[in-house]
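Asks: Handing you a structure now.
The values are calculated or read from the model by the stated rules, or taken from the named source; none is laboratory data. On a predicted model such as this, the values are computed, not experimentally measured, just so you know. Quick reminder, even Gly has a Cβ in these numbers, built from the backbone with ideal geometry, and neighbours come from all protein chains shown.
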Amino acid sequence: MLLKIYQRIHESFGPQHWWPAETSFEVIIGAILTQQTSWNNVEKAISNLKKEQLLNPEKIRDAKKEKLEELIRPSGYYRQKTKKLKNFINFLWEKYDGNLEKLFNQNISELRKELLSVNGIGKETADSIILYAAEKPIFVIDAYTVRIMNRLGITSEKDYGMLQKLFEENLPKDVQLFNEFHALIVHLGKNYCKKKPICDGCPLKIKCKYTKNN
């Protein structure tokens, strides 16, 4: 069932080319900054960091808190997010000498445990880093995933771990598939399966129990 859903939305929307970043470190910065804001706002913040040539671990480590706050202001909650960025960088230096390859050279379970130990990195952020930066097969669950799966009637589950298990046990464990599927779910959620859904034109309309019940 999940694979058929993937195929249907992939045929409708095409490849999403996600995550839009030039380096693994840029993915990590984006994953932290995108908490509680839109990607458009994150792009503005990342653009500011690029202009100041701050998109590498050493530069973020050495940058003054006040300067970082000003640069990432467009992403919202900029003071809290500056702390989160600094927390991650401090963790990276204390445990891995600032080397992302050393961090990523672990199995998924250990890597996830390490990332979740950083204050400010939750499950969705950690899994986004693992999938999109470390390129390891873990399925990212977000609010769109919960809403779409519930409305399709596939599950009424809302628990992160249980939904992640649902995807990982019913799909081939493939980085590119997980990447593309999650990106397509985000596209569907943003453009059709909103809180107040736009059902006309949705490629999953004929399978959707929410549509039939409303």
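Asks: Show the residue pairs meeting these rules: Cβ distance below 6 Å; 6+ apart or different chains; first residue within the stretch 165-182 and on the phi < 0 side of the Ramachandran plot; second residue among the β-branched types (V, I, T).
Replies: Hits for this filter: H182/V140.
Asks: Please go through (1) over 15 Å from the mean Cα position of the chain (by Cα); (2) part of a helix (DSSP H, G or I) for I154 and return the number of the only condition it doesn't satisfy.
Replies: I154 satisfies every listed condition except (2).
Asks: Here is a follow-up. Inside the stretch 87-110, can you point out the residues that are under 16 Å from A133 (Cβ atoms) and charged (D, E, K, R)?
Replies: Selection gives E101, K102, E110.
Asks: What is the one condition in (1) of a type in the set (D, E, K, R); (2) part of a helix (DSSP H, G or I); (3) under 30 Å from K195 (Cα atoms) that E101 does not satisfy?
Replies: If we test E101 against (1) of a type in the set (D, E, K, R); (2) part of a helix (DSSP H, G or I); (3) under 30 Å from K195 (Cα atoms), just (3) comes out false.
Asks: Hey, another quick one. List pairs: first residue in the stretch 137-153 and aromatic (F, W, Y), second residue surrounded by fewer than 19 Cβ atoms within 10 Å (Cβ to Cβ) and not in a helix (DSSP H, G or I) anywhere in the structure, Cβ distance under 8 angstrom, at least six positions apart or on different chains.
Replies: From the stretch 137-153, the pairs are F139/L171.
Asks: Quick check, is K123 assigned by TED's automatic domain parsing to the domain that holds E180, without any contact (Cβ under 8 Å) to a residue 60 or more places away in the chain and charged (D, E, K, R)?
Replies: Criteria not met by K123.
Asks: Please verify whether R79 is part of a helix (DSSP H, G or I), free of Cβ contacts under 8 Å to residues at least 40 places away in the same chain and over 23 Å from N40 (Cβ atoms), treating the condition exactly as stated.
Replies: The answer is no for R79.
Asks: Would you be able to tell me the number of residues in the stretch 1-16 that are part of a loop (DSSP other than H, G, I, E, B), touching a residue at least 40 places away in the same chain (Cβ under 8 Å) and not polar (S, T, N, Q)?
Replies: Here the count works out to 2.
Asks: Looking at (1) among the basic types (K, R); (2) within 25 Å of K123 (Cβ to Cβ); (3) surrounded by fewer than 18 Cβ atoms within 10 Å (Cβ to Cβ), find the lone condition where K84 falls short.
Replies: Condition not satisfied by K84: (3).
Asks: Another question, if that's okay. Here are the criteria: (1) crowded, with 17+ Cβ neighbours inside 10 Å; (2) outside the structural domain of Q36 (by TED's automatic domain parsing); (3) over 18 Å from the mean Cα position of the chain (by Cα). Tell me which single one L71 does not satisfy.
Replies: So the condition that L71 fails would be (2).
Asks: Looking only at the stretch 157-211, count how many residues are out of contact with any Asp or Glu (no Cβ under 6 Å at 6 or more places or on another chain) and in a helix (DSSP H, G or I).
Replies: 32
Asks: Out of the residues in the stretch 161-179 that are under 15 Å from the mean Cα position of the chain (by Cα) and over 29 Å from N214 (Cβ atoms), which is surrounded by the fewest Cβ atoms within 10 Å (Cβ to Cβ)?
Replies: Of everything passing the filter in the stretch 161-179, Q176 is surrounded by the fewest Cβ atoms within 10 Å (Cβ to Cβ).
Asks: While we're looking at this one, here's another question. Across the stretch 31-66, which residue is surrounded by the fewest Cβ atoms within 10 Å (Cβ to Cβ) among those that are without any contact (Cβ under 8 Å) to a residue 12 or more places away in the chain, part of a helix (DSSP H, G or I) and among the basic types (K, R)?
Replies: That would be K51.
Asks: Can you find a residue in the stretch 200-210 that is of a type in the set (S, T, Y), surrounded by fewer than 19 Cβ atoms within 10 Å (Cβ to Cβ) and under 30 Å from E110 (Cβ atoms)?
Replies: Scanning the stretch 200-210, I find no residue that is of a type in the set (S, T, Y), surrounded by fewer than 19 Cβ atoms within 10 Å (Cβ to Cβ) and under 30 Å from E110 (Cβ atoms), so the answer is no.
Asks: Which members of the stretch 107-127 meet the condition of being of a type in the set (S, T, N, Q), touching a helix residue (DSSP H, G or I) at 6+ places or on another chain (Cβ under 7 Å) and not in a helix (DSSP H, G or I)?
Replies: Answer for the stretch 107-127, where residues must be of a type in the set (S, T, N, Q), touching a helix residue (DSSP H, G or I) at 6+ places or on another chain (Cβ under 7 Å) and not in a helix (DSSP H, G or I): just N119.
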